[in-house]
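Undergrad: Okay, handing you the structure first.
What follows is calculated from the coordinates using simple rules that are stated; it is not laboratory data. Bear in mind that the values here come from a model prediction, so they are computed numbers and not experimental data. With ideal geometry, Cβ positions are generated from the backbone for all residues, glycine too; neighbour counts draw on all protein chains shown.
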């Protein structure tokens, strides 16, 4: 759901594709329940591999693509501000994320990395190639599961990441 201030109802995001011009990084494919004529947006570009879309503020959307998190406005253009980095790049394929108040946790097969929205600096990291990690939940507390890489059907360990609460 994308809340647009001038609209009565939020837009429903059903896909994300590459932007049409140089300034537009992504284009949101939406269903608009406010429209009386056509609810669906037209797209002639293929959808991209998006893991996560979250509206952080009124005109600030977080889009997670492959190894990168982009902070864009409602038009899909990179958002530049002193409060937020417009791009956070990771050296792994992001499987899931958790948005915190001042940072984001990006989870991958062998761990997790936290990065600051403001400085793009690594705030914390878990990396262990002998374990397979999976985010189980992040409604109120962040719960992580791990299993041995060489025996993925073995019993798992569960972790609660202390001090982290999903903000969005």
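Undergrad: Ranked by Cβ crowding within 10 angstrom, fewest neighbours first, how are 90, 133 ordered? It would help to have the intermediate numbers written out before the result.
TA: Working: 90 18, 133 22.
Arranged by neighbour count, lowest to highest, 90, 133 become 90, 133.
Undergrad: Given axes a ≥ b ≥ c from the Cα gyration tensor, I'd like to know whether the range 1-89 is rounded (a/c under 1.5), prolate (a/b larger than b/c) or oblate. All intermediate terms of the calculation are to be shown ahead of the outcome.
TA: Values: a/c = 1.96, a/b = 1.35, b/c = 1.46.
Oblate, because a/c is 1.5 or more while a/b does not exceed b/c.
Undergrad: Still on this structure: Say we join alpha carbon atoms closer than 10 Å with springs in a Gaussian network model of the chain; which of 13, 68, 99 then has the biggest fluctuation?
TA: Residue with maximal mean-square fluctuation among 13, 68, 99: 13.
Undergrad: Let me ask another. Starting with the fewest neighbours, write out 79, 109 ranked by other beta-carbon atoms found within 10 Å of each beta-carbon.
TA: On the way: 79 21, 109 13.
The most exposed by this proxy come first: 109, 79.
Undergrad: Moving on to the next point. Taking only Cα atoms and a 10 Å spring cutoff, compute GNM fluctuations for the chain and point out the largest among 48, 153, 89.
TA: 153
Undergrad: When the chain is fully extended, how far beyond the present Cα-Cα distance does residue 68 get from residue 121, taking 0.36 nm per residue of separation? Working shown, then result.
TA: Values: separation 53, 0.36 × 53 = 19.08 nm, distance 1.40 nm.
Gain on extension, residue 68 to residue 121, equals 17.7 nm.
Undergrad: Another question, then. Using r as the Cβ-Cβ distance of residue 110 and residue 57, and R0 as 22 Å, what FRET efficiency do you calculate, to the nearest 0.05? Could you put the intermediate results ahead of the total?
TA: Details: r = 32 Å, r/R0 = 1.46.
Efficiency computed from Cβ-Cβ geometry: 0.10.
Undergrad: Give, in nm to one decimal, the length gained when the segment between residue 3 and residue 129 is fully stretched (0.36 nm per residue of separation minus the Cα-Cα distance).
TA: Gain on stretching residue 3 to residue 129: 41.4 nm.
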